[in-house]
Structures are given as C-alpha cells and as structure tokens.
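What follows draws every value from the coordinates through simple rules; no lab data is involved. The structure presented is a predicted model; accordingly, all values stated were derived computationally and were not measured. Positions of Cβ are generated from backbone atoms using ideal geometry, with glycine treated the same way; all protein chains shown enter the neighbour counts.
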Amino acid sequence: MKHPEVVQHIVNWLAHYSEQSKTNGFVVGISGGIDSAVTSTLCAKTGKRVICLNMPIHQRKAEYDRGQEHIEWLKKNFSNVESAEVELTNTFQSISKALPENIQDWLTMANTRSRLRMTTLYAFACHHKMLVAGTGNKVEDFGIGFFTKYGDGGVDLSPIADLMKSEVFALAKEMGVVTSIQTAKPTDGLFADGRSDEDQIGATYDELEWAMNFIAAPKDFTALNERQKTVLDIYTRMNRANQHKMNPIPVCLIPIELK
C-alpha cells in the first residue's frame with residue numbers, strides 16, 4: 001500500500017464530500033483507539049472544522065487518557081481541530097434505572113452505551129451542520145460486523161471502511177499518531193473490565209484478515225491447521241450472524257396490482 005497516497009486520497013474524498021453536502025466539517029468520537037485516532041487525523045488534514053468528542057461512560061483511565069493525549073496532539077498540530085467532553089455516565093445510569101432489570105444483559109447494555117454516544121455525536125453534528133465521521137475498518141464493517149447497529153454504525157460517511165486493521169495501523173504510523181495509541185491493544189471500550197476486541201471475538205485482527213482473504217479467494221481447506229480452521233469458523237459464524245448490520249434495511253415492496 002502506498003501510504004502517503006492513500007492518506008491524501010482519503011483526505012481529498014472527505015473534503016469533496018463535505019463540500020458537495022454543503023456541510024462545515026466533521027464530528028468524530030474519540031475512544032483512545034487506533035481507528036478513531038486515524039479517522040480524526042484524516043479529517044483534520046482536510047483543513048475543515050473538526051470537533052473531537054470524548055464521551056466517557058464508566059471509562060477506564062487508560063482509555064480516557066489515550067483519547068485525551070490524542071486530542072491534545074491533534075489540537076497542537078491542526079488549528080482547525082477543537083474538542084469537547086460530554087460525561088455520559090449519569091445519563092447511562094438513568095437509562096439503566098429506567099429499563100427493566102431482566103433485559104439488562106451485558107451485550108444489551110454495551111450496545112446502549114454505543115447508541116448513547118451516537119446520539120451525542122449527532123447532537124453536535126446537527127447543531128453545527130457537520131458530518132459524523134465513522135471509525136469502522138473493513139474487517140469490522142464488512143467482515144464480522146463487529147459494531148453496534150445504530151451505535152458506532154450510525155454515521156454519515158466511512159473514510160477507513162475499505163482498510164484492513166493492519167492498514168489502519170500503517171496509516172497511523174505514517175501520520176505520526178501518538179505512540180500510546182499505536183501500541184495499545186484494540187478494544188471497543190464498552191465494558192468495565194476493559195476486555196479487548198480479541199477477548200470478545202476469540203481471534204486477532206491479523207487472523208481475521210487472513211480469514212477474510214481466504215473466503216474471498218478460497219484455497220484447499222484440508223491444508224489448514226487447527227487454529228486456521230477455528231479462526232475461519234469464528235469469521236464465518238460472525239459474518240453470517242451479523243448480515244443484518246451489513247446489508248441494507250429490508251423493504252417490503254408492494255406489488256403494483258395491490259396499489
């Protein structure tokens with residue numbers, strides 16, 4: 001991959017989209033992870049106004065600190081970047097109290113966190129006439145569907161969704177993203193115990209990339225070792241289960257003779 005050229009291509013694409021939509025720039029949620037760091041840096045390079053939001057909900061200190069470090073780095077290097085912090089812990093607790101206890105399983109509440117953040121991003125975007133920039137990469141968005149429907153999946157445009165996770169890391173290095181984020185283990189930051197993406201999925205992003213490429217151009221399945229077969233099973237199972245996230249919303253078409 002030609003890293004500088006890819007960076008410039010995405011920056012041009014972002015700027016053109018904003019101009020065509022007659023919007024004023026981009027709002028990006030900052031998690032302390034590699035994807036939001038790369039996305040916000042690409043947005044900053046357009047020269048358009050960028051608002052970085054830190055939206056803690058029972059956030060672990062390490063995640064919060066990485067996010068703040070990245071925001072300060074952006075603001076130091078790009079005069080068009082500003083930031084705001086919206087503490088959502090109390091709001092999340094109020095939602096938790098309002099919901100019946102018997103539906104508050106770990107996945108439901110993790111997704112609720114993500115959807116609360118999406119609502120906050122759009123409040124800022126609507127008020128300032130800006131676009132919400134998505135932070136999903138190709139493996140998450142089109143491979144295993146590892147995102148929250150109408151949460152971090154609720155965006156206006158997706159600048160890095162055609163990049164594998166390894167390519168996102170490569171662009172981070174190219175653009176000089178802070179080291180603490182480049183070396184951190186990927187996590188969605190939706191769980192109090194700080195579990196990583198690998199903990200949740202059962203495979204690394206490198207393994208998932210291999211599986212995605214294997215499915216695209218399958219080779220001899222019998223030649224795979226046991227770990228590769230396990231990873232392939234994880235990938236295909238998640239891909240199948242999350243098609244409802246990756247496909248357009250189904251529409252019930254009414255036959256013309258019934259209209």
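Taking Cβ atoms as reference points and 13 Å as the exclusive limit, the residues near Phe26 contribute a net charge of +1, counting Lys and Arg as +1 and Asp and Glu as -1. With Cα atoms defining each centre, the stretch 188-236 and the stretch 102-131 are spaced 27 Å apart in the structure.
Inter-label distance, Ala62 to Asp162: 3.5 nm, where each label sits 7 Å from its Cα along the C-beta direction. If R0 is 51 Å, the Cβ-Cβ spacing of Gln20 and His244 corresponds to a FRET efficiency of close to 0.95. Each Cα pair under 8 Å and six or more residues apart adds its sequence gap; the mean of these over the residue count of the chain is a relative contact order of 20 percent. What the Cβ-Cβ distance of Trp13 and Glu257 gives, at R0 = 51 Å and to the nearest 0.05, is a FRET efficiency of 0.70. The stretch between His128 and Thr89 holds 11.6 nm of extra length on full extension. This uses 0.36 nm per residue minus the Cα-Cα distance.
Derived scalar couplings between HN and Hα for the stretch 244-259 equal 5, 7, 8, 8, x, 4, x, 10, 7, 7, 8, x, 4, 6, 8, 8 Hz in order, rounded to whole Hz, by the Karplus curve 6.51 cos²θ - 1.76 cosθ + 1.60 (θ = phi - 60°), x for Gly and Pro. Its Kirkwood hydrodynamic radius, worked out from the mean inverse distance over all distinct Cα pairs, puts the stretch 99-244 at 17.0 Å.
Packing here is the average count of other Cβ atoms within 10 Å per residue, and on that basis the peptides 228-238, 50-60, highest first, run 50-60, 228-238. In the chain, the C-alpha radius of gyration followed by the widest Cα-Cα span (Dmax) gives 19.2, 63 angstrom.
Per DSSP H run of at least 4 residues, take -39500 (n - 2.57); add these up for the chain, divide by its residues and hand me the 222 nm value, nearest 500 deg cm²/dmol.
-15500 deg cm²/dmol
Mind checking which of Gly153, Gly33, Gly176 has the largest fluctuation in a GNM of the chain, springs on alpha carbons under 10 Å? Of Gly153, Gly33, Gly176, the Gaussian network model singles out Gly176 as fluctuating most.
Ranked by the mean number of other Cβ atoms within 10 Å of their residues, highest first, the peptides 3-10, 67-74, 247-254 fall in the order 67-74, 3-10, 247-254. Applying 0.36 nm per residue to the separation of Asn213 and Ser79 and subtracting their alpha-carbon distance, the gain on full extension is 44.3 nm.
Tally Lys and Arg at +1 and Asp and Glu at -1 over the other residues with C-beta under 10 Å from the C-beta of Asp193: what net charge comes out? With Lys, Arg at +1 and Asp, Glu at -1, the neighbours total +1.
Going through the cross-link list Lys48/Lys75; Lys2/Lys45; Lys61/Lys138, which pairs have a Cα-Cα distance over 19 Å in this structure? Could you put the intermediate results ahead of the total?
Numbers: Lys48/Lys75 13 Å; Lys2/Lys45 17 Å; Lys61/Lys138 28 Å.
From the list (Lys48/Lys75; Lys2/Lys45; Lys61/Lys138), the Cα-Cα distance tops 19 Å for Lys61/Lys138.
Positive-end ranking of Thr148, Trp13, Ile254 along the dipole of the chain, with charges on Cβ about the Cα centre, is headed by Ile254. Counted over the stretch 3-246, the DSSP beta bridges are approximately 0% antiparallel.
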